[in-house]
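Worksheet: one structure, shown below.
The values are calculated or read from the model by the stated rules, or taken from the named source; none is laboratory data. This is a predicted model, so every value here is computed, not measured. Glycine also receives a Cβ, built like all others from the backbone with ideal geometry; neighbour counts cover every protein chain displayed.
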């Protein structure tokens, strides 16, 4: 079974790009444009990794990440943004708090995405093992 | 008895001899009755026992005639002047006709004497009358004869010069007036001239100072007094014009004062005739415009305006000519070297005593420097807005960049599917276009305002503004709800400036909603043909205390050091004022604020 990845960005172009990169790397990709959609999807679905845009029309990306952290089957969240720098305090804070596992600045390279999704899947796996034991 | 002509009464003027009877009143009445008879019949009367008493006298003389009596008229040149009565003692000899004749001759002589004395009286009265006239003339008057001796001086002259009549009349003119004055006015020559020509000479002004008195200024005239074909005397008439001179001097001083104000002013202070032609042009006008007044003779102020503003000036002059004032109207002038100056004009009509407009005064302030400063301020506000917008723009640019990067990288990985390859290329193309559109908008916004004015579609301008700010709204989780006006409306104005106002109001609204919210933007046209664009946020609202200071420059509630310097609203306010509009704000703390911009709608049929 292919690992499932969630892509959340209000920019359809970005969703298309990530969807293509990840699909071609062998992942099952679902896209969402708003926080509301994510909440709806998470009701009956779990994802290994979630790529979340920092600024969504209805919710802040980091806030969405902390919402997801409350779930038992929480996805490993990678923050993507054209707004923040990697060194931004908000990003660093999210990393330290474990809300996000990584940050990708727009525009990004395919390698970055492929690298990050691998890390994400690993983190997710480790978390599942940790929960079981 | 003398006849008092106007009253027709006989007055007893003289009586000689003892009283004729004990009852004096009865005697007087008898004398008068007889006198009247004589006057009426214009003939002498002899009353004696053998003479018949005239019937009309019988009643009055009955019993009273106790003495001989003669009454003769006093006549001169046929005019009855009075009556002379002669009576003798009771038992004296009666008068006869010889007495009567003698008495008649005496009556004629008395008549001649009486006439002369009357003439004399009349002459004296005339002289007194003329003297009264001369004395009451409020001018100084000297009559001078051909030898330049003073024949007569009136009271006014004597009072003014502190002289007596005695010490004046008969003296030489040069002794009366000072020799210096005689010299200065060439009085002797002028008097001679008046004698020889017989014409009045308007002498002019002289200053005369009597001892211990302040100097008085006189206007003098030499008026010949003709006697037949000859001129015997000259009247020197001197009017005291000291007061008028003083008023004139005061007026001149005030005039000089005003003139120096006009001369020293830094503003244009110019006057125009009713048609708007230049009448005066102060040094500031000359300095600022470069036009010297002699180059502007006969020109109208409108001719100096820029081609675009000429009609506005003509309209302004028409308003003034109709009697209305103009305040702070901006009309541009062209300087002598072709530069444009924006001048704020305040003008008032000048009216004569009847209230008719005879000209106008225009005071103009060169706003060029002020406008430059204003533009700098507007520019710095724009830069401050740009600082705020930078985050949104970065975000907005990075999305298409991300799409281009991903598509390019996917293509580099040599995709087999031609359809997918095409899709990648299309996205690269579309994203590039989008990125350059964002940059174009940004540049448009950042560029210093162009001096372009036109008819602006409000909805299009709002579209552009939101295109520029859409990511800012997303970043701040502000939902935009737009209500467009049916048909679209246009307003006259500068699109760059109005866009800056809209951007300021949107950024303010975003700022008022730190946790996001709704921004409702609606456009409507009122019955007053005002276009109203309202920006309603669901933010924190503005405390009532802050409302009055809201449009003050540098007023901000944000902590110092942020991107907001507090210029936005004050600049927006001045921009909207320039567009003859207004900004109003309604706010409730905790509910949000509504900023409403009102602008006059475009006139005419060119509405888009």
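Just one of the numbered conditions (1) surrounded by 13 or more Cβ atoms within 10 Å (Cβ to Cβ); (2) without any contact (Cβ under 8 Å) to a residue 24 or more places away in the chain; (3) part of a helix (DSSP H, G or I) is not true of residue B:169; which one?
Looking at each condition in turn, residue B:169 falls short on (3).
Please work out if residue B:480 is within 14 Å of another protein chain (Cβ to nearest Cβ) and touching a helix residue (DSSP H, G or I) at 6+ places or on another chain (Cβ under 9 Å).
yes
Among the residues of the stretch A:74-133, write down those that are surrounded by fewer than 18 Cβ atoms within 10 Å (Cβ to Cβ), without any contact (Cβ under 8 Å) to a residue 60 or more places away in the chain and under 30 Å from residue B:424 (Cα atoms).
A:85, A:86, A:109, A:111, A:112, A:115, A:118, A:119
Okay, residues lined up against (1) assigned by TED's automatic domain parsing to the domain that holds residue B:593; (2) assigned to a helix (DSSP H, G or I); (3) more than 23 Å from residue A:54 (Cα to Cα):
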| residue | (1), (2), (3) |
| --- | --- |
| B:461 | yes, yes, yes |
| B:479 | yes, no, no |
| B:503 | yes, yes, yes |
| B:518 | yes, no, no |
| B:521 | yes, no, yes |
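Residue under question is residue B:429, and the condition is that it be away from chain A (no Cβ under 14 Å), in a helix (DSSP H, G or I) and farther than 30 Å from residue B:332 by Cβ; does it hold?
Spelling it out, it is not the case that residue B:429 is away from chain A (no Cβ under 14 Å), in a helix (DSSP H, G or I) and farther than 30 Å from residue B:332 by Cβ.
Consider residue A:24 against the criteria (1) within 13 Å of chain B (Cβ to nearest Cβ); (2) touching a helix residue (DSSP H, G or I) at 6+ places or on another chain (Cβ under 7 Å); (3) at pLDDT below 95: it satisfies all of them except one. Which criterion is unmet?
(2)
Quick one: which of B:332, B:319 is touching a residue at least 24 places away in the same chain (Cβ under 8 Å), over 14 Å from the mean Cα position of the chain (by Cα) and either in the same structural domain as residue B:273 (by TED's automatic domain parsing) or under 14 Å from residue B:300 (Cα atoms) (or both)?
Sole residue among the options that is touching a residue at least 24 places away in the same chain (Cβ under 8 Å), over 14 Å from the mean Cα position of the chain (by Cα) and either in the same structural domain as residue B:273 (by TED's automatic domain parsing) or under 14 Å from residue B:300 (Cα atoms) (or both): B:332.
What about residue B:355, is it more than 23 Å from residue A:11 (Cβ to Cβ) and either touching a strand residue (DSSP E or B) at 6+ places or on another chain (Cβ under 8 Å) or surrounded by 18 or more Cβ atoms within 10 Å (Cβ to Cβ) (or both)?
It is false that residue B:355 is more than 23 Å from residue A:11 (Cβ to Cβ) and either touching a strand residue (DSSP E or B) at 6+ places or on another chain (Cβ under 8 Å) or surrounded by 18 or more Cβ atoms within 10 Å (Cβ to Cβ) (or both).
Pull up the stretch B:348-369, narrow it to residues that are closer than 20 Å to residue B:287 by Cβ and at pLDDT 85 or above, then point me to the one that is nearest to the chain's Cα centre (by Cα).
Step by step, filter the stretch B:348-369, then rank; the result is B:361.
Output the residues belonging to the stretch A:1-21 that are outside any helix (DSSP H, G or I), within 14 Å of chain B (Cβ to nearest Cβ) and at pLDDT 90 or above.
A:7, A:8, A:9
Name the single residue, out of those in the stretch B:396-419 being touching a helix residue (DSSP H, G or I) at 6+ places or on another chain (Cβ under 8 Å) and more than 8 Å from chain A (Cβ to nearest Cβ), that is nearest to residue B:466 (Cα to Cα).
Per the stated criteria, the residue is B:408.
Looking only at the stretch B:551-586, filter to residues that are under 25 Å from residue B:392 (Cβ atoms) and in contact with a strand residue (DSSP E or B) (Cβ under 6 Å, 6 or more places away or on another chain); which one of those is modelled with the lowest pLDDT?
Only one residue tops the list, namely B:573.
Within 14 Å of residue B:596 (Cα to Cα), in a helix (DSSP H, G or I) and at pLDDT 85 or above - does that describe any residue in the stretch B:527-535?
The answer is no, given that none of the residues of the stretch B:527-535 is within 14 Å of residue B:596 (Cα to Cα), in a helix (DSSP H, G or I) and at pLDDT 85 or above.
Within the stretch A:7-35, count every residue that is touching a strand residue (DSSP E or B) at 6+ places or on another chain (Cβ under 7 Å), over 24 Å from residue B:397 (Cβ atoms) and without any contact (Cβ under 8 Å) to a residue 60 or more places away in the chain.
Total satisfying the criteria: 4.
Can you find a residue that is surrounded by 16 or more Cβ atoms within 10 Å (Cβ to Cβ), within 14 Å of chain A (Cβ to nearest Cβ), at pLDDT below 90 and over 30 Å from residue B:290 (Cβ atoms) anywhere in the stretch B:370-390?
Among the residues of the stretch B:370-390, at least one is surrounded by 16 or more Cβ atoms within 10 Å (Cβ to Cβ), within 14 Å of chain A (Cβ to nearest Cβ), at pLDDT below 90 and over 30 Å from residue B:290 (Cβ atoms), which makes the answer yes.
Being assigned to a helix (DSSP H, G or I) and more than 14 Å from chain B (Cβ to nearest Cβ) is the filter here; which residues of the stretch A:27-60 pass it?
Result: A:37, A:38, A:39, A:40, A:41, A:42.
Looking only at residues in the stretch B:6-60 that are more than 25 Å from residue B:97 (Cα to Cα) and out of contact with any strand residue (DSSP E or B) (no Cβ under 9 Å at 6 or more places or on another chain), which one is modelled with the lowest pLDDT?
Residue satisfying both the conditions and the ranking: B:22.
Consider residue B:128 carefully, then state whether it is at pLDDT 90 or above and within 50 Å of the chain's Cα centre (by Cα).
Here the answer is yes, as residue B:128 does meet what is asked.
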